[in-house]
Amino acid sequence: MMNPDGSGLARLTSMEFYNRANEREMYSADQRFRAMSRKDRENGTAGLNQIFYNDYFYSSLTQLTKFGAGTAWDPAWSPTSETVAFVSNESNNDEIFVIKKGEWPAQQLTRNDYEWDHHPSWTPDGTQILFSSNRISGKRQRWIMDADGGNQRQFSNFPLEVWNTI
């Protein structure tokens, strides 16, 4: 809000709930595991960002992704399984992938020529993934797909860009 003359600018809303939801995306349903993106300095990938997870029960850190040329970021843990959705540019484009804890390789869910897909977020029942994409219109909009990558369709069509899916 602000005064009619432009003075007294003040925020009416808070980022608190967005930040909480965004942080929650990284945790497994039982909150034992937390996924994160960090530099891999030990496995010959030249310090590229990979997805790791902390196991709070055993106080251990485990690497989930092992891409050779691309980086991985923006992990979101499924609320119903040991699966993490994330973004990687391993295929020379920003795409959505999923990986199950303890399995490799990851499964690429989206494929685009020049567009990008970002910010995966699971539906509460774990059957679908929301994500941001600039396909079709060139503007960031929300898209949704089944958890296996099928049935990809546009979810929003706002005149302004949508920056995140939470």
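The values are calculated or read from the model by the stated rules, or taken from the named source; none is laboratory data. From a predicted model like this one, the values you see are computed outputs, not experimental measurements. Please note: Cβ atoms are built from the backbone with ideal geometry, for glycine as well, and neighbour counts cover all protein chains shown. Areas reflect the complete protein model, heavy atoms only, side chains present, ligands, DNA and RNA absent. Shrake-Rupley method; radii C 1.70, N 1.55, O 1.52, S 1.80 Å.
Data overview
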read-out: Matching residues in the range 22-42 - criterion: being surrounded by 13 or more Cβ atoms within 10 Å (Cβ to Cβ) and modelled with pLDDT under 90; value: Asn22, Arg24, Glu25, Lys39, Asp40
read-out: Residue selected from the range 122-136 under the condition outside any strand (DSSP E or B) and of a type in the set (S, T, N, Q), by the criterion nearest to Pro75 (Cα to Cα); value: Thr123
read-out: Every residue from the range 137-157 that is in contact with a strand residue (DSSP E or B) (Cβ under 7 Å, 6 or more places away or on another chain), assigned to a loop (DSSP other than H, G, I, E, B) and farther than 17 Å from Asp74 by Cα; value: Asn151, Gln152, Phe155, Ser156, Asn157
read-out: Options Glu103, Glu90, Glu161, Glu115: the member that is assigned to a loop (DSSP other than H, G, I, E, B) and closer than 24 Å to Phe17 by Cα; value: Glu161
read-out: Qualifying residue in the range 104-123 (condition: within 30 Å of Ser60 (Cβ to Cβ), open to solvent by 10 Å² or more (accessible area, probe 1.4 Å), among the β-branched types (Val, Ile, Thr) and touching a residue at least 60 places away in the same chain (Cβ under 8 Å)); value: no
